[in-house]
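Everything on this sheet refers to the single structure shown next.
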């Protein structure tokens, strides 16, 4: 089993390298196109430049501007709090609407990873928001956990074997009958979000207590979830839970 998982991780890293493109756009900035997709199915792009012996990495304001242009204003206290916690957990700053990180040459890969994770997280958290939607999927899941008295710690950051930091939405502590459980919400289940979660879990699980397990709560309210998404998560030892079938997992998470 472990050899199979290691092969899958190697395949993920090869895919990540092969699908990343770099382009010089002027004397100072380099454009990096990643293989990760936003909610429009466009590839996420970040920009890098040298700055005082280190690097500045930024999304150039794309994520927040796109959300606001789509009618998702970030001016409520709840959304500001979620945004602030999410970015703080990954060490990402907001400056004039731009998501930014500073990276030393030695930490370039790690900090690039942090920025991409922040872009995906913010994009995913708020992509449900519109004038006709009252709450975020993350809030829906949190309210459901509260309704069933499921104990949890929200918005945690764990460091993996690679040294990368990974953000998870909830951690449910060990009980008499169940080990520690890590729960991640995925608002738009697809290859990029499932692969990202699979890598994060594989990278961090050996640093967690024995028998810790991972769950992915998948939003299937507007669109069905492809079988390939659930089977891919299962192959990495992550249990998928469809939002429409969430009650079937209540006892397991509440125990």
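How many angstrom lie between the C-alpha centres of region 60-117 and region 134-162? One Cα centre to the other: 19 Å. Just checking the listed ones, 106, 93, 161: in the Gaussian network model of the chain with Cα springs under 10 Å, the one fluctuating most is 106.
Counting only DSSP beta bridges whose two residues both lie in region 97-226, roughly 60 percent are antiparallel. Relative to the longest principal axis of the Cα atoms of the chain, the long axis of helix 137-147 makes an angle of roughly 30 degrees.
Taking the Cβ of each residue in 86, 250, 153 as the centre, tally the other Cβ atoms inside 10 Å and list the residues starting with the fewest. Don't jump to the answer; show the numbers that get you there.
Details: 86 21, 250 16, 153 10.
Listed from fewest to most nearby Cβ atoms, that is 153, 250, 86.
Would you please classify the overall shape of region 2-126 from the alpha carbon gyration tensor, given that a ≥ b ≥ c denote the square roots of the eigenvalues, rounded means a/c under 1.5, and beyond that prolate means a/b larger than b/c while oblate covers the rest? Taking the square roots of the gyration eigenvalues as a ≥ b ≥ c, region 2-126 is oblate.
Just need the Rg to Rh number for the chain, please, alpha carbons only, Kirkwood Rh. Before the final figure, lay out each step's value.
Working: Rg = 18.1 Å, Rh = 19.0 Å.
Using only Cα positions, Rg/Rh for the chain is 0.95.
Residues considered: 204, 20, 34. Largest GNM mean-square fluctuation over the chain, using C-alpha springs under 10 Å, is found at 20. Entry note, region 137-254: relative contact order of 24 percent, from Cα contacts under 8 Å with a spacing of 6+ residues. Taking the C-alpha atoms only, the angle from helix 2-18 to the longest principal axis of the chain is near 30 degrees.
With Cα atoms defining each centre, region 172-238 and region 43-59 are spaced 30 Å apart in the structure. Label-to-label distance, residue 139 versus residue 50, with points set 7 angstrom from Cα along the beta-carbon direction: 4.6 nm.
Out of all DSSP beta bridges in the chain, what portion is antiparallel? Express it as a percent rounded to 5. All intermediate terms of the calculation are to be shown ahead of the outcome.
Working: 30 of 41 bridges.
Taking every DSSP beta bridge within the chain, about 75 percent pair in antiparallel fashion.
Please list, by residue number, everything in region 53-92 whose backbone N is under 17 Å from a paramagnetic label point 7 Å out along Cα→Cβ of residue 207. Counting only backbone N, you get 88-92. Considering only 152, 227, 202, the Gaussian network model of the chain with Cα springs below 10 Å gives its largest mean-square fluctuation to 227.
Taking neighbour counts of Cβ atoms within 10 Å as a proxy for exposure, in what order, fewest first, do 220, 4 appear?
Numbers: 220 13, 4 9.
Result, fewest neighbours first: 4, 220.
Can you divide the C-alpha Rg of region 137-254 by 2.2 N^0.38 Å and report the result to two decimal places? Walk me through the numbers before you get to the answer.
Working: Rg = 13.4 Å, N = 118, 2.2 N^0.38 = 13.5 Å.
Here the Cα radius of gyration is 1.00 times the empirical estimate.
With the highest mean first, a sort of the peptides 110-122, 173-185 on other beta-carbon atoms found within 10 angstrom per residue produces 110-122, 173-185. For region 139-204, averaging the sequence separation of C-alpha pairs within contact (under 8 Å, six or more residues apart) and dividing by the residue count gives a relative contact order of 26 percent.
How large is the helix-only mean residue ellipticity at 222 nm for the chain, computed as the sum of -39500 (n - 2.57) over DSSP H runs with n ≥ 4, divided by its residue count, in deg cm²/dmol to the nearest 500? Please report the intermediate quantities before stating the final value.
On the way: 8 runs with 97 residues, N = 255.
It comes out at -12000 deg cm²/dmol, rounded to the nearest 500.
Pairs of Cα atoms nearer than 8 Å and 6+ residues apart set the relative contact order; for the chain it is 13 percent. A Förster radius of 22 Å, combined with the Cβ-Cβ distance separating residue 255 from residue 156, puts the computed FRET efficiency at roughly 0.65.
Taking neighbour counts of Cβ atoms within 10 Å as a proxy for exposure, in what order, fewest first, do 60, 149 appear? It would help to have the intermediate numbers written out before the result.
On the way: 60 15, 149 8.
In order of increasing Cβ crowding within 10 Å: 149, 60.
Values quoted throughout were computed directly from the atomic coordinates according to the rules given, and no laboratory measurement underlies them. Remember, predicted model here, so these are calculated numbers, not experimental data. No Cβ is skipped: glycine too gets one built from the backbone with ideal geometry, and neighbour counts run over all protein chains shown.
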